[in-house]
Amino acid sequence: SKRVAILISGGGSNMVSLVDSMTGDHPARPAVVLANSADAGGLQKAADRGIATEVVDHRDFKGDREAFEKALISALEPHDPDIVCLAGFMRILTPVFIDAFRGRMLNIHPSLLPKYRGLHTHARAIEAGDAEAGCTVHEVTPELDDGPILGQARVPIRPDDTPDTLAARVLTQEHKLYPAVLRRFAQGDRNPIYL
Ligand code: GAR
């Protein structure tokens with residue numbers, strides 16, 4: 001079965017949804033959870049589930065992105081991942097890392113791409129008066145929040161929404177979408193799915 005590395009920066013709720021989906025006849029299994037800070041709350045959740053963890057703190061590299069990414073690659077190497085899932089990993093990646101896992105790396109982004117690349121997606125969708133928001137899983141390419149779309153899920157934006165209430169509604173969908181896309185991707189199916 002395919003070995004999956006999951007990269008996180010925070011609480012890791014998407015990581016948990018991915019890990020908990022990889023049971024039974026699933027074509028993949030979790031190999032390692034890596035965080036760019038020892039403070040990432042998801043590390044404990046991974047350890048609780050018996051998953052190997054690694055920390056590569058970007059602050060140790062003083063802005064040298066290449067050195068940071070080479071350290072990421074070295075930390076992942078012993079776990080021999082076939083697939084890399086970015087799950088709330090809040091560092092912009094350069095071709096040094098992306099080329100090492102080209103065609104094998106997925107990201108989840110909290111907007112209906114191509115709308116709202118980057119940060120503050122929910123505030124921007126509310127501000128624009130959009131009727132809908134959502135999340136996208138896509139293949140990672142060197143352009144930020146670009147790359148072939150593998151799946152999307154939509155939610156309504158309600159008149160009284162704040163960025164936080166909308167984020168919570170979208171996150172519920174993220175936890176369904178990402179496992180659904182990963183299962184198919186691990187089987188070699190790159191056709192997009194729309195939940
Ligand atoms: C998720 O909403 C994810 O889509 C977003 O960060 C959150 C992480 O939550 N990712 C990005 O904004 C990527 N630029 P989690 O740690 O609970 O999975």
How many of the residues making up the stretch 122-140 are open to solvent by less than 20 Å² (accessible area, probe 1.4 Å) and out of contact with any Gly (no Cβ under 8 Å at 6 or more places or on another chain)?
4
Does Ile83 qualify as being within 23 Å of Gly147 (Cβ to Cβ), more than 12 Å from the ligand (Cβ to nearest atom) and either under 14 Å from the mean Cα position of the chain (by Cα) or open to solvent by less than 70 Å² (accessible area, probe 1.4 Å) (or both)?
yes
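Okay, residues lined up against (1) in contact (Cβ under 8 Å) with a residue 60 or more places away in the chain; (2) touching a Leu at 6+ places or on another chain (Cβ under 7 Å); (3) among the β-branched types (Val, Ile, Thr); (4) closer than 21 Å to Phe97 by Cα:
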residue	(1), (2), (3), (4)
His120	no, no, no, no
Ala128	no, no, no, no
Pro142	no, no, no, yes
Asp146	no, no, no, yes
Thr162	no, no, yes, no
His175	yes, no, no, no
Tyr178	yes, yes, no, no
Looking only at the stretch 86-142, filter to residues that are on the phi > 0 side of the Ramachandran plot and over 15 Å from the mean Cα position of the chain (by Cα); which one of those is farthest from the ligand (Cβ to nearest atom)?
Gly129
Of the numbered conditions (1) more than 10 Å from the ligand (Cβ to nearest atom); (2) farther than 27 Å from Asp189 by Cβ, Ala40 fails exactly one; give the number of that condition.
(1)
Number of positions in the stretch 18-35 that are open to solvent by less than 20 Å² (accessible area, probe 1.4 Å) and either within 12 Å of the ligand (Cβ to nearest atom) or assigned to a strand (DSSP E or B) (or both):
8
Subset of the stretch 98-110, residues out of contact with any Leu (no Cβ under 6 Å at 6 or more places or on another chain) and either modelled with pLDDT of 95 or more or open to solvent by less than 40 Å² (accessible area, probe 1.4 Å) (or both), comes to Ile98, Asp99, Ala100, Phe101, Gly103, Arg104, Met105, Leu106, Ile108, His109, Pro110
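Residue-by-condition table, conditions (1) acidic (Asp, Glu); (2) closer than 24 Å to Leu43 by Cα; (3) open to solvent by 50 Å² or more (accessible area, probe 1.4 Å); (4) touching a Cys at 6+ places or on another chain (Cβ under 6 Å):
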position: Arg91; (1), (2), (3), (4): no, yes, yes, no
position: Val96; (1), (2), (3), (4): no, no, no, no
position: Pro114; (1), (2), (3), (4): no, no, yes, no
position: His120; (1), (2), (3), (4): no, no, yes, no
position: Ile157; (1), (2), (3), (4): no, no, no, no
position: Ala180; (1), (2), (3), (4): no, yes, no, no
position: Arg184; (1), (2), (3), (4): no, no, yes, no
Matching residues in the stretch 37-49 (of a type outside the set (Ser, Thr, Tyr), open to solvent by less than 70 Å² (accessible area, probe 1.4 Å) and not in a helix (DSSP H, G or I)) number 2
Just one listed residue, out of Glu66, Glu54, Glu77, is away from the ligand (no atom under 16 Å from the Cβ) and either in a strand (DSSP E or B) or among the basic types (Lys, Arg) (or both), and it is Glu54
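The values are calculated or read from the model by the stated rules, or taken from the named source; none is laboratory data. Being a predicted model, the structure only gives us computed values, none of them experimental. FYI the Cβ positions are ideal-geometry reconstructions off the backbone, even for glycines, and counts take in every protein chain you see. When the accessible area is computed, the model is the full protein with side chains, heavy atoms only, and any ligands, DNA or RNA have been set aside. Shrake-Rupley method; radii C 1.70, N 1.55, O 1.52, S 1.80 Å.
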